[in-house]
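Chemist: Structure below; questions to follow.
The values are calculated or read from the model by the stated rules, or taken from the named source; none is laboratory data. Small disclaimer: the values here were computed from a predicted structure and weren't measured. Cβ coordinates were reconstructed from backbone atoms using ideal geometry, including for glycine residues, and neighbour counts include every protein chain displayed. SASA here: full protein model, heavy atoms, side chains in, ligands and nucleic acids out. Shrake-Rupley method; radii C 1.70, N 1.55, O 1.52, S 1.80 Å.
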2 protein chains.
Amino acid sequence: MDTTVLVGYIAGTLTTIAFIPQVSRAWRLRETRDISLAMLVLFAAGVLLWTIYGFSVSAPPIIAANVITFLLILVLAGLKLKYH
Amino acid sequence: MDTTVLVGYIAGTLTTIAFIPQVSRAWRLRETRDISLAMLVLFAAGVLLWTIYGFSVSAPPIIAANVITFLLILVLAGLKLKYH
């Protein structure tokens, strides 16, 4: 694996796992008032398009990172709506 | 501009502007308790690496999106620390 792809995978891992402490916090506090629903919607739409972009330029780190990020944002949006 | 680059720019615009309503909400509510600081730190580190990746694969949408996202996350982290 060349350095660029490695950097991409680390970058994707970081921006993806970033949502784990956020999901965990929302779950723990049962509070999501300070989290913007508009952010979640825009972000979900964005990562879907990043996934398409990733397929288009054949960049596995972009595809993998964005598919997982999308799922985590779905969970967070679900918690946001549940604890609304 | 070919379709792939256009999709990349739209994706980058969406995941970047996603942080604007979040910054706006934190500013307005003066409350950031529900936002995870760990998320902000991991995300900031991730978008810095995405920027390096973007330069490495010569992908302007990746570079532009991640530099702006980084700045918005800095503002959000500042608000988080201020209203701690």
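Chemist: Could you please state how large a percent of the accessible area of chain A is carbon and sulfur, counting protein chains only and using a 1.4 Å probe? The partial results should precede the final answer.
Modeler: Values: 2980 of 4090 Å².
Here it works out to 73 percent.
Chemist: Measuring label to label, 7 Å along Cα→Cβ, what does B:Ser56 give against each other copy in nm, shortest first?
Modeler: 2.2
Chemist: Taking the 0 to 90 degree range and rounding to the nearest ten, how far is the long axis of helix A:19-29 tilted relative to the main principal axis of chain A, both from C-alpha atoms?
Modeler: Helix A:19-29 sits at roughly 10 degrees to that axis.
Chemist: If you don't mind, another one. Among the aspartates and glutamates, which have Cα under 15 Å from the Cα of A:Lys80 when same-chain residues fewer than 8 positions away are ignored?
Modeler: Within the straight-line cut-off, A:Lys80 pairs with A:Glu31, A:Asp34, B:Asp34.
Chemist: Principal axes first, then extents: for the Cα atoms of the protein assembly as shown, list largest minus smallest coordinate on each axis, whole Å, largest first.
Modeler: Reported extents, whole Å, longest axis first: 40, 30, 28.
Chemist: What number, in percent, do you get for the relative contact order of chain A if the mean sequence gap of Cα pairs under 8 Å and at least 6 apart is divided by its residue count? Write down the numbers at each step before the final one.
Modeler: On the way: 73 pairs, mean separation 38.0, N = 84.
Answer for chain A is 45 percent.
Chemist: Could I ask something else about it? Could you state how much accessible area is buried at the B-A interface, both sides summed, with a 1.4 Å probe, in Å² to the nearest 100?
Modeler: On the way: alone 5790 and 5810 Å², together 8160 Å².
The B and A chains share an interface burying roughly 3400 Å².
Chemist: Restricting attention to the alpha-carbon atoms of region A:3-82, what are Rg (one decimal) and Dmax (integer), both in Å?
Modeler: When restricted to Cα atoms, region A:3-82 yields Rg and Dmax of 13.5, 42 Å.
Chemist: Please work out the Cα center distance from region B:56-81 to region A:4-53, rounded to the nearest Å.
Modeler: The distance from the Cα centre of region B:56-81 to that of region A:4-53 comes to 14 Å.
Chemist: Could you identify the residue of B sitting closest to the B-A rotation axis by Cβ and state that distance rounded to whole angstrom?
Modeler: Looking at chain B's Cβ atoms against the axis toward A, the nearest is B:Asp34, 2.
Chemist: Using the charge dipole of chain A (Lys, Arg: +1 at Cβ; Asp, Glu: -1 at Cβ; taken about the Cα centre), state which of A:Met39, A:Leu71, A:Leu29 has its Cα farthest towards the positive end.
Modeler: Going by the charge dipole, the pick is A:Leu29.
Chemist: Treating the point 7 Å from Cα along Cα-beta-carbon as the label, what are the nm separations from A:Ala38 to the other copies, to one decimal?
Modeler: 2.9
Chemist: Let me ask something additional. Where does helix B:60-82 land angle-wise versus the long Cα axis of chain B, in degrees 0 to 90, nearest 10?
Modeler: 10
Chemist: A follow-up question, please. With a sphere of radius 12 Å drawn around the Cβ of B:Leu79, what net charge do the other residues whose Cβ falls strictly inside it have (Lys, Arg +1; Asp, Glu -1)? Could the numbers behind the result be given before it?
Modeler: Numbers: positive: B:Arg25, B:Arg28, B:Arg30, B:Arg33, B:Lys80, B:Lys82; negative: A:Asp34, B:Glu31.
Around B:Leu79, the surrounding residues sum to +4.
Chemist: When ligands, DNA and RNA are left out and all protein chains stay put, how many square angstrom of accessible area per residue does region B:1-82 have with a 1.4 Å probe? Could the numbers behind the result be given before it?
Modeler: Details: 3840 Å² over 82 residues.
Value returned for region B:1-82: 47 Å² of accessible area per residue.
Chemist: Under the 0.36 nm per residue contour assumption, what length would be gained going from the current alpha-carbon distance of A:His84 and A:Phe55 to full extension?
Modeler: Values: separation 29, 0.36 × 29 = 10.44 nm, distance 3.53 nm.
Length gained, A:His84 through A:Phe55: 6.9 nm.
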